[in-house]
Structure formats: C-alpha cells, structure tokens
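The values are calculated or read from the model by the stated rules, or taken from the named source; none is laboratory data. Values in this document were obtained by computation on a predicted structure and should not be read as measured data. Cβ: placed from backbone, ideal geometry, glycine included. Neighbour counts: every protein chain shown.
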Amino acid sequence: MNLSALKFRDFRIYLGGNLFAVNALWMQRVTIGWIAWDLTSSATFVGFIAFVNFAPAMVTGPLFGVLVDRMRITQVAKLTQILLLIISLGFYLFFTFGILDEILLSFLSFLSGLVTSAHNPVRLSLAPRLVDRTSVASVVSIVAINFNLARLTGPAIGGWLIASWGISTALLVQTGFYLPFIFAISLLHPRQRSSSIINNEPFIAALQNGIKYALANTLIRQAFLVTALYAFLIRGTLEILPVIADGVFSRGATGLGLLTSSAGFGALIAGVIKAFTPSQTVRKLPKFALASALLGIGLMPLVGLSNSWNLTLLCIFYIGFSGTLAGISVQTAIQIDLDDDFRGRVMSLWTMVSIGATATGAIILGGLADHIGVSLAFSLAGGLGTVLLATTIIRASGPSKKKSVERTL
C-alpha cells in the first residue's frame, strides 16, 4: 500500500483536520437534501437544490483556479473554510427560527456552492504541495480514502441526528465540524511553486494559458470527457437519493442516510483498493477503472426498476464504488504529471467539468423522474450513458495519434 505521503508531518495535520471538514460537507448534503424533499416532496426541487449548489463551479471555478496559482494557498484555504462555517451557521439559524423556505434554501445552497467552487482548486492544490513530488499519487489515494470515509460516516451521522434529535441539531453539529480544519490549516507550510511567472501575467492571460495547457494534453482532454460522463450519470444519481429513499421506498431521513452511506461505503472500498494497487502508469487512464464506471452506469436501470430495498442498497453501493474508482484514477492520472505552476488552474477546470456534469445530471434526472417516473428515467439515462461511455473508452483505447504537445507556453 502506498502510504508514503504519511511520512510528511504537514500532510498528517492536513488529513486529520480535513476529516472533520468533509464530514461536515456530507452531513450538510444529506441534511439539505432532506429539507428540500421535506418542504416540497418534489424530485425536481431536490435536483434543483443540488444544481444551484454545484452550478457556481461551472462559472467561477476556473477564475478561482487562477487566484489559487497566484495567492498564498493557506490563507485562501482558511478563508474558504471560515465562509463555509458562516453559511452553515446561516442554515442553522434560519431553520431554527422557522424561516428557511424554498427561496432561502436555494440562496444559501448557492452561496455554499460559490464558496466551495473557490475551495475546490485550493484542496486539489494544497495537499499535493505538502509532500515531495514522488508522493503525489499517494496523496490522491489517501485523501480519497479520507473523503470517502466521511462520505460513509457523514450521511449516517446526519441521518441519525435528524431522526433522533431533529434537523436543527444536525445543522449545528456540522457547523462545529469546520473548526478543527481551520485550526489545522494555520499549521501548514506547503511547498513553494517553482516559478512566479503567473504573478506577472494579466489575469485573463493566465486563465487562457491554463486552458491551453489542459487542451494541449491528450490525456487531460480524455480525462475531462470521461469525467463528464460518469459525473453526469453516477454522481447525478447520488444527488437525488431522497427521491429513492422516501419517494420510492418511504424510508424517510434514516433511509436517506443509509442509501448515502451505502454509496459512501462503496466509495471507501474503492479508495482502499486504489491505495493497495500499484502506482498508475504515467499519461494513461486505467482501463479497469473505466470498465468499473461503465458497469456502474449499467446498473442505473436496475435501480429504477428495483422494488427491493436490499437490492437497491447493493446497487447504490456499487455505483458509489465505481464512480469513486474512476474519479480517483482520473484525478491521479492528471495530478502525477502536473506542473505546480498550473495545478490550481488545471484542477479547477477538472472540477468544473466534474461538478458541472453532476449538477446538470441531478436536475435533469430529477426532472425526468417527476415527469416520466423513476423507473423510466433511470432506464433511459443508464442505457444511453452506457453506450456513450463505451464509445468513449473504445476511442480512447484506439491507435494513439502523434503525441500532443503538452506544454505550449
């Protein structure tokens, strides 16, 4: 198992603090998803809340990526976490005073998404700079395990708190979970960038050069396309689980927590497997990860047609597994050969694709579920998605063309 990143003190501090922050993230997702469903009983509105939470990353993510490559990264990381804490406190206060309606829920979800779009390039740039370059692949795997452990525990804790103590308690606990990470960030000393050229570039030129760098690299282009497909379908499905938990099976908040934790457990297993497997080949997308994503998308019709709670839990487990295995593999493929000077911009573009596709998938799948039914919506999406991803994999595995210029600057 590649645990070389754990040799670095700063990375261990980051990992411990980050565990609380990502638990807060997953608790908030399940809590806000439940509030959206409880307010309206509308699959479309649940998908809309996921969309407005993710939508800012499609517009502002690359802009924040440029800033991350220019600014002191620990200061930006601390600022984004403090803002997320304040927004989480806003959810708590508005709900406690009984004024959290559909409009306020949408607005706070949008604000949370806006700040998260700034934090995404921060987290994807900060952790790899806490170790030497030979341990970057280890960082990606360990951070993924950390994230997906929280994906397992966060929804379970959130669902239990909602069922046992109420939504207010769940919102208050997740707010407090941001504090340890804010403290941990103040102790970090990341590796300096290799150059300061970007600091002298006009903002728009720096953004354009980041886009050119990404598009000139064949691997990154392929990674973006694969990410768009599995995020739209797999992650889009996981964002509308309240529709399945309560709309189909009438299991309430506890059922939502179980479904989300099932996906999280699958994701955690994927992270552990990825950490135990040999290091990836540079400039290649692992075929086993792509095949796993293909099977995960292929299970979507079964989720829509299933009348068995246990079978649905099993399918969601594998969907969580396959999406995470593909996500870690794609991110690792990009990160291990990425110049620190471009890390913020390129990873913000990858995040834009991933989150944008997830947001679009959530609102489209939610709308389809309302208008044509869950069974038909998931069957159509899964069938079409299987064909598209299979075609993409076949094309990516075909005879390679002359290697693209990877850096044109």
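Quick notes on this one:
- Residue check, Gly90 part of a helix (DSSP H, G or I), surrounded by fewer than 19 Cβ atoms within 10 Å (Cβ to Cβ) and free of Cβ contacts under 8 Å to residues at least 24 places away in the same chain: yes
- Answer from Ile234, Ile273 - the residue that is surrounded by 23 or more Cβ atoms within 10 Å (Cβ to Cβ), within 20 Å of Ala144 (Cα to Cα) and under 21 Å from the mean Cα position of the chain (by Cα): Ile234
- Just one residue in the set Val76, Val46, Val68, Val115 is within 14 Å of Met352 (Cα to Cα), under 21 Å from the mean Cα position of the chain (by Cα), assigned to a helix (DSSP H, G or I) and of a type in the set (Val, Ile, Thr); that residue is Val115.
- A single entry from Ala150, Ala137, Ala127 fulfils the requirement of being farther than 29 Å from Trp34 by Cβ, within 16 Å of the chain's Cα centre (by Cα) and crowded, with 22+ Cβ neighbours inside 10 Å: Ala127.
- Considering residues of segment 347-374 that are farther than 18 Å from Ile234 by Cβ and among the aliphatic types (A, V, I, L, M) only, the residue surrounded by the most Cβ atoms within 10 Å (Cβ to Cβ): Met347
- For segment 212-224, a residue qualifies if it is among the hydrophobic types (A, V, I, L, M, F, W, C), surrounded by fewer than 17 Cβ atoms within 10 Å (Cβ to Cβ) and not in a loop (DSSP other than H, G, I, E, B), and exactly one does: Leu215.
- Among helices (runs of 4 or more DSSP H) entirely within segment 284-397, having at least 1 residues that are farther than 27 Å from Leu259 by Cα and in contact with a Gly (Cβ under 6 Å, 6 or more places away or on another chain) singles out 340-372.
- Pairing residues of segment 150-170 that are part of a helix (DSSP H, G or I) with residues that are surrounded by fewer than 21 Cβ atoms within 10 Å (Cβ to Cβ) and modelled with pLDDT under 85, at Cβ distances under 6 Å and at least 6 apart in sequence or on separate chains, gives Gly159/Thr254; Ala163/Thr254.
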